[in-house]
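Structure, as structure tokens:
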Amino acid sequence: AEGYIGASPSPADVRDGDIISVLAGASVPIVLRPVVDHLDAYQVVGPCFLQGVMLGQGLLGPLPEDWLCIINDNRRWCFRKQGSEKRTWEDPRLWPLPSHWQAHFCDFDDENGPCDGSCEQDYDKAGQLMDRWFFNTQSKERSNNDPRLDVQGLEAGGIALQSFMLV
């Protein structure tokens, strides 16, 4: 309906009427099939590739015009502004972290707790991005996942989400 072209590992399994969905926590779009006898219930058909939806566009919209999404040396997506060699983990479409969260770039396993934030100065060493992790100053929780990209964080950022049942 939107004019996107895609592919599925098992294209014979994809049928007319199936829905392409971006599921929170999934790294690729998922093909869902509505269950005939249940309202708002779906069966998982499988993953797919859909040009125009793969790089977070399904949730966050397109990247700003002068930004690129590229694969970093460790095979994770990062971002770079056109004309610059500096790469960043920070998606330019995201809003600021909540005030009780901090991003850190030092050793996640340091038993002394989070650093003072100066680790960001060493964030980009010789073109190598240092891994980033997050610290909740209220709960003392540490996470490798950006809190803006969980369900509560997406909703706080104004992203409209829909819940449904998988059967």
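The values are calculated or read from the model by the stated rules, or taken from the named source; none is laboratory data. Since the structure is predicted, the reported quantities are computational estimates derived from the model, not experimental observations. Note: areas computed on protein heavy atoms with side chains; ligands, DNA, RNA excluded. Shrake-Rupley method; radii C 1.70, N 1.55, O 1.52, S 1.80 Å.
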Seminar exercise, completed: Note: among Val45, Val22, Val28, just one is β-branched (Val, Ile, Thr) and farther than 30 Å from Asp131 by Cα, namely Val45
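So which residues in region 10-40 are assigned to a strand (DSSP E or B) and not basic (Lys, Arg), if there are any at all?
Ile19, Ile20, Ser21, Ile30, Val31, Leu32, Pro34
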Problem set entry | Residue list for region 142-159, restricted to those being in a loop (DSSP other than H, G, I, E, B) and either within 18 Å of Ser27 (Cα to Cα) or modelled with pLDDT under 90 (or both) | Asn144, Asn145, Asp146, Asp150, Ile159
Exercise. Just for region 73-95: of the residues that are over 26 Å from Ser21 (Cα atoms) and in a loop (DSSP other than H, G, I, E, B), which one is most open to solvent (accessible area, probe 1.4 Å)?
Worked result: Glu85
